[in-house]
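The values are calculated or read from the model by the stated rules, or taken from the named source; none is laboratory data. Predicted model only: the values in this text are computed from it and were never measured. Here the Cβ is made from the backbone with ideal geometry for all residues, glycine too, and neighbour counts use every protein chain on show. To get the accessible areas, we keep the full protein, side chains included, count just its heavy atoms, and leave off ligands, DNA and RNA. Shrake-Rupley method; radii C 1.70, N 1.55, O 1.52, S 1.80 Å.
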Amino acid sequence: LRAAAAAAQARRAARMDAIEAKAKAAEQIGLGLPVEHGYQMEDGELYTLSMGDVRASLAPDLSAALALPEDGGARAAALRALTKEITPGVFALQLFTGGRSAV
C-alpha cells in the first residue's frame, strides 16, 4: 500500500512539475506587442497611408461599390456581388489593385 501511495505521489509531483514548467515558459514569453518578439509586418507601409492613398489603392470594383449610396441596398448588393465564398462561411474579395485579397 505504501509503495502504491509513493508511486501515486511521484506521478502527481511529475504532473505538478510539468505544469510549473509550462507556467514559467509562459512567463518568459510575456505579454506585449508582437513586434517586441521579433514580428515584422509584411505590409507596414499600409499603416502610414492617408485616406486618399488608400482610396486610390482600392480595387476599382470595390471603389465603385463603396461610392454607391448606403440606403436602398444598392451598396450592400454590390459588395455582396464582389465576394466569393472560398470555404463554407469564409468570404473574400479583392481589396487592393494588384490581385491582393482580404478575408
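General observations
- The requirement of being surrounded by 10 or more Cβ atoms within 10 Å (Cβ to Cβ), within 30 Å of Ala77 (Cβ to Cβ), without any contact (Cβ under 8 Å) to a residue 60 or more places away in the chain and of a type in the set (Ser, Thr, Tyr) is not satisfied by Ser50.
- Restricting region 1-18 to residues that are over 47 Å from the mean Cα position of the chain (by Cα) and open to solvent by 90 Å² or more (accessible area, probe 1.4 Å), the residue that is modelled with the highest pLDDT: Arg2
- In this structure, Ala78 qualifies as free of Cβ contacts under 8 Å to residues at least 24 places away in the same chain and surrounded by 11 or more Cβ atoms within 10 Å (Cβ to Cβ).
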